[in-house]
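Novice: My questions will all concern the structure given below.
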Amino acid sequence: MAVLPILKYPDPVLQRVALPVKGITAETARLIDDMVETMYAAPGVGLAAPQVGAPQRIIVLDVDYENPGKNLLKLVNPEIRRAEGELLWEEGCLSVVDFTAEVKRAARVEVVGLNEKEQEVSVAGEGLLAVALQHEIDHLDGKLFIDRISRLKRDLYTRRLKKMLRSGKPQAESPRLMI
Ligand code: NI
């Protein structure tokens, strides 16, 4: 297993729609293992394949950060089957440096997909799990959480980011949960 570099906004790979996985090969299994290791090392509670430069519909999540590994989820070709209610959650993302914002999401979701053995699985979640599932599936559709906030807030952030990148100032990682 290997820790892979995580692409950061505005990398164009993050804005592309990822392709469905046709079959889980040894290479796919290796990518999934590397994604899990990269997520834990970051540390984060979720990671999508495009974030490590692989434009494929694969996500990994572990929102139970007090018991790492116990509730690890690996989902291939995940799709939201059901979404209910509404919540606001302060989100951060491993691909969006030094910024968090409140995003409106469904409060409860049910997601179907395949596990790494190509078996159909269904995951129902609320709270952070519901948020993380929606956030990661957004990554597969080329969407970041900053695409779900007001244009004003997004423009303020992109201006601040440009300034940060120009000055070469070290970027602080937020202590919040990164998804
Ligand atoms: Ni993210």
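The values are calculated or read from the model by the stated rules, or taken from the named source; none is laboratory data. Fair warning: this is a prediction, and the values are worked out from it, not measured in the lab. Note: ideal-geometry Cβ built from the backbone for every residue, glycine included; neighbour counts use all protein chains shown. Side chains included, ligands, DNA and RNA excluded: accessible areas come from the protein's heavy atoms. Shrake-Rupley method; radii C 1.70, N 1.55, O 1.52, S 1.80 Å.
Novice: Considering the Cα trace of region 3-49, what is its radius of gyration and what is Dmax, both in angstroms?
Specialist: Values for region 3-49 (Cα only, Rg and Dmax): 11.7, 31 Å.
Novice: Per the Kirkwood formula on distinct C-alpha pairs, the Rh of region 77-132 is how many angstrom?
Specialist: Taking every pair of different Cα atoms in region 77-132, averaging 1/r and inverting gives 12.4 Å.
Novice: So in the chain, what percent of DSSP beta bridges are antiparallel if you round to the nearest 5?
Specialist: Rounded to the nearest five, the antiparallel share is 95 percent.
Novice: Related question: Given charges of +1 on the Cβ of Lys and Arg and -1 on the Cβ of Asp and Glu, with all other atoms neutral, how large is the dipole of region 12-167 about its Cα centre, in debye to the nearest 20?
Specialist: The calculated dipole for region 12-167 is roughly 860 debye.
Novice: Right, something else. Short version: what are the Cα gyration tensor semi-axes of region 20-75, square root of 5 times each eigenvalue, largest first, in whole Å?
Specialist: Equivalent-ellipsoid dimensions as semi-axes: 20, 11, 9 Å.
Novice: Another question about this same structure. Rounded to the nearest angstrom and ordered from largest down, what semi-axes does the equivalent ellipsoid of region 1-98 get from its C-alpha gyration tensor (root of 5λ)?
Specialist: Semi-axes, largest first: 19, 17, 17 Å.
Novice: What angle, in degrees between 0 and 90 and rounded to the nearest 10, separates the Cα long axis of helix 151-167 from the longest principal axis of the Cα atoms of the chain?
Specialist: Around 70 degrees separate the two axes.
Novice: Another question, if that's okay. Given the Cα-Cα distance of Asp98 and Ala124 and 0.36 nm per residue of separation, how much length would full extension add, in nm?
Specialist: Going from the current span to full extension adds 6.4 nm.
Novice: Turning to a different aspect of this structure: Share of the chain's accessible area from carbon and sulfur, percent, 1.4 Å?
Specialist: That share works out to 51 percent.
Novice: Dividing the alpha-carbon radius of gyration of region 43-102 by 2.2 N^0.38 Å (N being the number of residues), what value is obtained?
Specialist: Ratio of Rg to 2.2 N^0.38 Å for region 43-102: 1.26.
Novice: Provide the convex hull volume over Cα atoms per residue for region 12-167, in Å³.
Specialist: Output value, Cα hull per residue: 115 Å³.
Novice: So how tilted is helix 26-41 from the main axis of the chain? Cα-based, degrees 0 to 90, rounded to 10.
Specialist: Around 50 degrees separate the two axes.
Novice: Please work out the average accessible area per residue across the chain, using the 1.4 Å probe convention, and give it in Å².
Specialist: Using a 1.4 Å probe on heavy atoms only, each residue of the chain averages 53 Å².
Novice: Rounded to the nearest 10 degrees, what's the angle between the helix 127-140 long axis and the longest principal axis of the chain, both from Cα atoms, 0 to 90?
Specialist: With both axes taken from Cα atoms, the answer is about 80 degrees.
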